[in-house]
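Written below as structure tokens is the structure these notes are about.
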Amino acid sequence: QVQLVESGGGLVQAGGSLRLSCAASGRIWYPVGWFRQAPGKEREFVAHINYSGDSTYYAESVKGRFTISTDNAKNTVYLQMDSLKPGDTAVYYCARYLRGSIGQKGGYYYWGQGTQVTVSS
């Protein structure tokens, strides 16, 4: 069974950077997505990468600031977050993509437990 574990969250000032990691229990041979959920809001799509790492998609709100990448040797998917804003504050989750729209959480399974990102102004 696939297990994904997120890490790397923390408290950072606006304009700062963080790198999140999504470590898989085995070889990553499937696409992976990052989502985030702020208090009182729906879980929203952030970024997606195919298993070979040569195809990526981003939400408009993070395009140009966030970069998703994969290191298959380490069975890990990363989310590099630069120029962070207070509006990026949320719990960030990674999940395995199976089917359907890449930007919709319904197509993802095997969610991790999440990692908290807090951006102060």
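The values are calculated or read from the model by the stated rules, or taken from the named source; none is laboratory data. Source: prediction; values computed, not measured. Using ideal geometry, Cβ is built from the backbone for each residue, glycine included, and neighbour counts are taken over all protein chains shown. Surface areas here come from the heavy atoms of the whole protein model, side chains and all, with no ligands, DNA or RNA. Shrake-Rupley method; radii C 1.70, N 1.55, O 1.52, S 1.80 Å.
Quick grid of which residues meet (1) open to solvent by 20 Å² or more (accessible area, probe 1.4 Å); (2) within 25 Å of ALA73 (Cβ to Cβ); (3) of a type in the set (Gly, Ala, Ser):
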residue	(1), (2), (3)
GLN1	yes, yes, no
ALA14	yes, no, yes
GLY26	yes, yes, yes
ARG36	no, no, no
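Given the criteria among the small types (Gly, Ala, Ser), outside any loop (DSSP other than H, G, I, E, B) and under 20 Å from ALA14 (Cα atoms), does GLY33 qualify? Spell out how you get there, then give the answer.
On the way: among the small types (Gly, Ala, Ser): yes; outside any loop (DSSP other than H, G, I, E, B): yes; under 20 Å from ALA14 (Cα atoms): no.
No.
Give region 62-95 a look and list any residue that's part of a loop (DSSP other than H, G, I, E, B) and either under 13 Å from CYS22 (Cα atoms) or free of Cβ contacts under 8 Å to residues at least 24 places away in the same chain (or both), or say none. Let's see the steps before the verdict.
The first filter runs over region 62-95 and keeps only residues part of a loop (DSSP other than H, G, I, E, B), leaving 62-65, 75, 82-85, 89.
Result: LYS63, GLY64, ARG65, ASN75.
Filtering region 64-113 to residues that are of a type in the set (Lys, Arg), within 13 Å of the chain's Cα centre (by Cα) and open to solvent by 40 Å² or more (accessible area, probe 1.4 Å) leaves only LYS105.
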